[in-house]
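Undergrad: I have a structure here, written as structure tokens, and I will follow up with some questions on it.
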Amino acid sequence: MHTARTPLTMRGWWASSAALLITAAALAVTLLLPRLFSDPVGVDPYVLRLSAVAVALGGVSLLWRRLTGARPVLLAVAAMTVSYSVFAGGPQWIANLSGTRFDFNTQVLLASIGQALVTLLIAIPAVRMSPPSLRPLLRLRRFGAGAIITSVLGVLAFLALVMLLPATALGRQGLAPIALARDLPVQGPADALQALAQELQFRGLLLGALDRVAPPWAANLGQASFFGLAHIAVQYQGPAGAFVPVTIALGFVFGWITQRTGSLWPAIIIHAIADIAVTAGVIPGLYGY
């Protein structure tokens with residue numbers, strides 16, 4: 001049964017769409033403009049410029065009532081950029097403060113904890129300070145039988161796909177069992193926290209906000225496209241860059257799963273297992289670790 005949109009929701013659709021487009025344009029200009037003068041990675045290795053722009057836009061939405069409808073989307077983007085800056089710069093900042101007290105894997109774990117905490121801290125005002133009809137659908141409170149089955153099937157499908165791909169393409173020939181036994185107990189939780197943060201940002205905050213004001217397919221396409229653009233914006237090095245376009249398709253699949261199950265947990269679980277598998281079985285072979 002079709003339900004008519006309220007005037008507030010209709011205004012929210014225009015505000016949310018415009019906010020997403022304007023934010024993407026502002027971040028693109030911020031990212032690409034330095035190319036005219038120097039290397040953007042060397043200028044801003046921790047993406048602090050993007051974080052500053054996103055925080056400014058999110059802050060304006062909190063202070064200016066006319067941007068209330070765009071507030072959830074703008075705060076979602078702020079959560080993405082600020083938490084990534086914490087993750088990207090965290091290991092170096094921790095090393096500067098603690099010296100050699102923590103090894104690199106521990107530094108990454110601490111940075112991942114910071115990434116997740118920052119995401120949660122920004123999610124609170126995104127939910128509590130948005131109008132009830134526009135509050136993002138985080139979908140964290142539900143984990144029923146459908147979500148459990150989807151999580152199991154999703155993980156099995158991922159593992160089956162991995163096993164069908166050539167070993168050389170996955171880097172499985174580069175596995176070092178001793179190194180995995182030493183590193184994975186720290187890298188595994190770090191990967192899981194990164195997956196939690198990203199799913200809360202893109203499928204929780206962003207998709208959850210767009211689902212309030214747009215048809216499911218449009219909301220999912222919007223967040224998946226932004227998910228892909230966000231990954232492309234980060235300057236990857238080495239052969240892993242070849243996998244960046246896949247993020248748009250993955251974002252769409254994770255979004256569809258979230259919408260169908262009404263739960264964010266299947267996407268978090270599948271994403272976490274995939275990241276851990278990539279850390280354990282792909283990166284070592286690609287980079288020769």
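Just so it is clear, none of the values below were taken in a lab; they were calculated from the coordinates. This is a predicted model, so every value here is computed, not measured. Methodologically, a virtual Cβ is constructed for each residue, glycine included, from the backbone with ideal geometry; neighbour enumeration extends over all protein chains shown.
Undergrad: Order these by the 10 Å Cβ neighbour count, fewest first: ILE273, ILE122.
TA: Sorted ascending by nearby Cβ count, the order is ILE273, ILE122.
Undergrad: Contour minus end-to-end for THR100 and LEU229, with contour as 0.36 nm per residue of separation and end-to-end as the Cα-Cα distance? All intermediate terms of the calculation are to be shown ahead of the outcome.
TA: Values: separation 129, 0.36 × 129 = 46.44 nm, distance 3.56 nm.
Additional length available on full extension: 42.9 nm.
Undergrad: Same structure again: Hey, with R₀ at 30 Å, roughly what FRET efficiency would VAL60 and ALA160 work out to, going by the Cβ-Cβ distance, to 0.05?
TA: Given R0 = 30 Å and the Cβ-Cβ separation, E is 0.05.
Undergrad: Please give the contour-minus-distance gain from ILE22 to LEU140: 0.36 nm per residue of separation, less the Cα-Cα distance, rounded to one decimal in nm.
TA: 39.6 nm
Undergrad: Next question, about the same structure. Roughly speaking, what is the stretch gain from TRP217 to LEU117, that is 0.36 nm per residue apart minus the C-alpha to C-alpha distance, in nm to one decimal?
TA: So the extension gain works out to 33.0 nm.
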